[in-house]
Amino acid sequence: MTLRKLIEEAAAKILSAERVAAFTGAGISVESGIPPFRGKDGLWSKYDPVLFEISHFRAQPIETWRLLKEVFYNFMAKAEPNAAHRGLFQLEQMGLLKTVITQNVDNLHQKAGNTDVVEFHGTSKRLVCLDCLSSYNYADIEEHVTDMPPLCLACRGILKPDFVFFGEGIPPKALQRSFMEAMLADLFLVIGTTGEVYPAALVPIQAKQKGTVIIEINPEPTAFTGQITDIFLQGKSAQIVSELMDQIAMVRSKTR
Ligand code: APR
């Protein structure tokens, strides 16, 4: 079936669904200039993932903070939502999307305007103290982040971005909300993820097990494609989401 036909089919399913959720990964932010973790130009091809192991961070925080500053703060904080993020916001505004469950920590879904975003791996927007657990908005203490590593204003403990390092647990509320949505939604839009990282990948898998329709958007097949995906829209998410939104708007205008 041609991509055009698949987009028409996907749009029809979104319009007839009771409750739609989106599940996004690093790929949706690639066209905002943020490199993915895996694949061509992926972060893990440039940096050793051990830097993001919590035990390594506790032992050598300065090494990791140098990378955090370079990749997550000097760069990501300035990134803007792209057409894929904006399309998901439009979908929410049309009453056709309830929740975005994202593996990303770049805050771009919130910047695009979505109001119900579950951050499965936490967020780079906040820093948390490893000792007293005080939490700070990065923007509020940016001038203090010149110290390496940044220290807690309350107890001088080491500050860490409030996102999940390897060896840490998923924030319990995000975990609970995500699997609840897997039970409630009857359609999942899976965008820009390899589907290789657990437990995040279990969310769409569990949704599928109870009959949820899975529409996947990715330039290439993933671990999900041959397993749980019902409609595979192959391409970059900014382009595909834009075309999907045009199709939805066109069908809606005809039925109004
Ligand atoms: N549009 C859509 N998808 C894209 C695009 C694009 N323009 N460019 C790349 N992709 C896809 C790739 O094909 C790949 O499937 O995005 C995915 C990026 O894969 P990863 O970098 O592994 O991202 P993700 O699946 O979100 O990683 C999950 O791994 O390291 C951890 O915590 C990190 O949240 C991350 C998790």
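The values are calculated or read from the model by the stated rules, or taken from the named source; none is laboratory data. In this text the structure is predicted, and so the values were computed from the model without any measurement. All Cβ positions, glycine included, derive from the backbone under ideal geometry; neighbour counts span all protein chains shown. Ligands, DNA and RNA are excluded from the accessible area calculation, which covers all protein heavy atoms including side chains. Shrake-Rupley method; radii C 1.70, N 1.55, O 1.52, S 1.80 Å.
Quick notes on this one:
- Rounded, prolate or oblate (a/c below 1.5 giving rounded, otherwise prolate when a/b exceeds b/c) for segment 125-166 by Cα gyration tensor: rounded
- Karplus (6.51, -1.76, 1.60) ³J(HN,Hα), θ = phi - 60°, over segment 153-160, in Hz, Gly and Pro reported as x: 6, 8, 10, 6, x, 6, 8, 9
- Flagged links, alpha-carbon separation over 19 Å, of Lys13/Lys208; Lys46/Lys236; Lys173/Lys210; Lys5/Lys98: Lys46/Lys236; Lys173/Lys210; Lys5/Lys98
- Only Lys, Arg (+1) and Asp, Glu (-1) charged, at Cβ; segment 183-256 dipole about Cα centre in debye: 320
- Highest-first packing order for the peptide set 75-81, 99-105, 133-139, 6-12 is 99-105, 6-12, 75-81, 133-139, based on the mean count of other beta carbon atoms within 10 Å.
- Counting only lysines at least 8 places from Lys125 when in the same chain, those with an alpha carbon closer than 16 Å to its own are Lys69, Lys78, Lys111, Lys160.
- Amide hydrogen neighbours beyond the local backbone of Ser134, cut-off 5 Å, H modeled: Cys129
- The apolar share of the surface of segment 118-250, taken as the fraction of accessible area on carbon and sulfur atoms (1.4 Å probe, ligands and nucleic acids excluded), comes to 54 percent.
- Per-residue HN-Hα couplings for segment 248-256 [Karplus 6.51, -1.76, 1.60; θ = phi - 60°; Hz; x = Gly/Pro]: 4, 5, 5, 5, 5, 5, 6, 9, 8
- Treating r as the C-beta distance of Asp186 and Glu220 and R0 as 25 Å, the FRET efficiency rounds to 0.40.
- Since only Ser135, Leu153, Val50 are under comparison, the one whose Cα sits farthest along the positive direction of the charge dipole of segment 1-159, derived from C-beta charges on Lys, Arg, Asp and Glu, is Val50.
- Based on protein heavy atoms only, segment 131-256 ends up with 49 Å² per residue of surface accessible to a 1.4 Å probe.
- Annotation for Glu70 and Leu153: the two label points, set 7 Å from Cα along the Cα-Cβ direction, are 2.9 nm apart.
- Surface share of carbon and sulfur [accessible, 1.4 angstrom probe, percent] for segment 24-82: 56
- Rounded to 10°, Cα long-axis angle of helix 172-184 versus longest principal axis of the chain: 10
- Nearest-ten-degree value, helix 3-16 long axis tilted from longest Cα axis of the chain: 90
- Cα→Cβ-extended label distance, 7 Å offset, between Glu53 and Lys111, nm: 3.2
- Both radii were evaluated on the Cα set of the chain; the Rg over Rh quotient, with Rh as the Kirkwood radius, amounts to 0.99.
- For the chain, share of DSSP beta bridges that run antiparallel, in % to the nearest 5: 25
- Nearest-0.05 FRET efficiency for Val251 and Trp44, computed from C-beta distance (R0 35 Å): 0.30
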